[in-house]
Amino acid sequence: MKVFEVKRGASPLILGMPHTGTWVPDDIAACLNDNGRLLADTDWHIEQLYDGLVDDVTTVRAVFHRYCIDANRDPSGASLYPGQNTTTLVPLTDFDGRDIWENAPDEAETERRKQTFHMPYHQALQAEIERVKALHGFAVLYDCHSIRSHIPFLFEGRLPDFNVGTNNGETATPQIEQAVMAVLERSSGYSHILNGRFKGGWTTRHYGRPQEKVYALQMELAQATHLGSETPPFAYDGEKARRLRTHLQAVLLAVRQAAQG
């Protein structure tokens, strides 16, 4: 089975989706405990949420679950947020700090998963960035994420609805940041923050090189914005999603326009 899906478009915009997959091969599933098999830390329904928002985008989506290996973590194993609670390249716990494995992977198994899952996904993403940049002279990677609104193990209180990450301005221009935040300022009923708890994962930090005209940002959505419940079965709420999609569409269009400028 291919570990990623690519839908090609001709616009400069690429949507990355490293955490929407729920496929776990049988040999890995057999090593998870009952808690791990819930796959609770999925970016639920993100592919549906973004589907059709803007024309001619490219989408690169990981099919495998993040418990196999996290495609948004540094393959070296270095922490994205030193000194803060976070999950590792191959997560050993869920977002609440609870064990997910009966038999946790060793170093050799982690390396195998890097070669099997992590590397092919990023090779595909890199290829699409290069293709799009060749067409337009620039490329915009918008990394799509969602997470529960309340996770005391990772952050205090309730997460803002829109969490925009550019690694403190290193992965996108000020014009792109300003364009996104201007849209979010107009999103009545929603909260937002730039480079708060989520500043952009490894994907954003690795590919975002404004000086080379490759711009990257991460959008981490609180799942309360589009789910009926942030507990199983994590059902998609069509009415919530309809309202949210209006603002997400405006964000994507603003990002594309700002990058062209």
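The values are calculated or read from the model by the stated rules, or taken from the named source; none is laboratory data. Since this is a predicted model, take the numbers as computed values, not measurements. Because the Cβ atoms are built from the backbone with ideal geometry, glycine has one as well, and the counts that use them run over all protein chains shown.
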From the options Phe155, Phe138, residue that is surrounded by 15 or more Cβ atoms within 10 Å (Cβ to Cβ), aromatic (Phe, Trp, Tyr) and closer than 19 Å to His19 by Cβ
Phe155
Restricting the search to region 226-260, which residues are among the small types (Gly, Ala, Ser) and touching a Gly at 6+ places or on another chain (Cβ under 8 Å)?
Ala235
Would you be able to say whether some residue in region 200-218 is among the aliphatic types (A, V, I, L, M) and under 16 Å from the mean Cα position of the chain (by Cα)?
yes
State whether one or more residues within region 174-196 are touching a residue at least 12 places away in the same chain (Cβ under 8 Å), in a loop (DSSP other than H, G, I, E, B) and buried (at least 19 other Cβ atoms within 10 Å of the Cβ).
no
Does Leu32 satisfy being modelled with pLDDT of 95 or more and under 21 Å from Leu244 (Cα atoms)?
no
Reported set for region 133-151 where residues are part of a loop (DSSP other than H, G, I, E, B) and under 19 Å from Thr58 (Cα atoms) is Gly137, Phe138
Check whether at least one residue in region 45-57 is surrounded by fewer than 23 Cβ atoms within 10 Å (Cβ to Cβ), without any contact (Cβ under 8 Å) to a residue 40 or more places away in the chain and in a loop (DSSP other than H, G, I, E, B), and report yes or no.
yes
Whether any residue in region 77-92 is buried (at least 21 other Cβ atoms within 10 Å of the Cβ), over 19 Å from Gln218 (Cβ atoms) and at pLDDT 95 or above is what I want to check.
yes
Filtering region 197-218 down to residues that are outside any loop (DSSP other than H, G, I, E, B) and surrounded by fewer than 18 Cβ atoms within 10 Å (Cβ to Cβ) yields Arg209, Gln211, Glu212
Would region 44-64 turn up any residue that is farther than 22 Å from Thr246 by Cα and more than 15 Å from the chain's Cα centre (by Cα)?
no
Tell me, please, whether a residue that is surrounded by fewer than 18 Cβ atoms within 10 Å (Cβ to Cβ), free of Cβ contacts under 8 Å to residues at least 24 places away in the same chain and more than 29 Å from Arg8 (Cα to Cα) can be found in region 111-131.
yes
Note on region 95-108: residues touching a residue at least 12 places away in the same chain (Cβ under 8 Å) and of a type outside the set (S, T, N, Q) are Phe95, Asp96, Gly97, Arg98, Asp99, Ile100, Trp101, Glu102, Ala104, Pro105
For residues that are in contact with a strand residue (DSSP E or B) (Cβ under 7 Å, 6 or more places away or on another chain) and in contact (Cβ under 8 Å) with a residue 24 or more places away in the chain, scanning just region 227-238, find the one that is surrounded by the fewest Cβ atoms within 10 Å (Cβ to Cβ).
Tyr236
Could you grab me the full set of residues in region 3-16 that are within 20 Å of Tyr215 (Cα to Cα) and surrounded by fewer than 22 Cβ atoms within 10 Å (Cβ to Cβ)?
Val6, Lys7, Arg8, Gly9, Ala10, Ser11
Return yes when Ile69 is in a loop (DSSP other than H, G, I, E, B), buried (at least 16 other Cβ atoms within 10 Å of the Cβ) and not polar (S, T, N, Q) and no when it is not.
yes
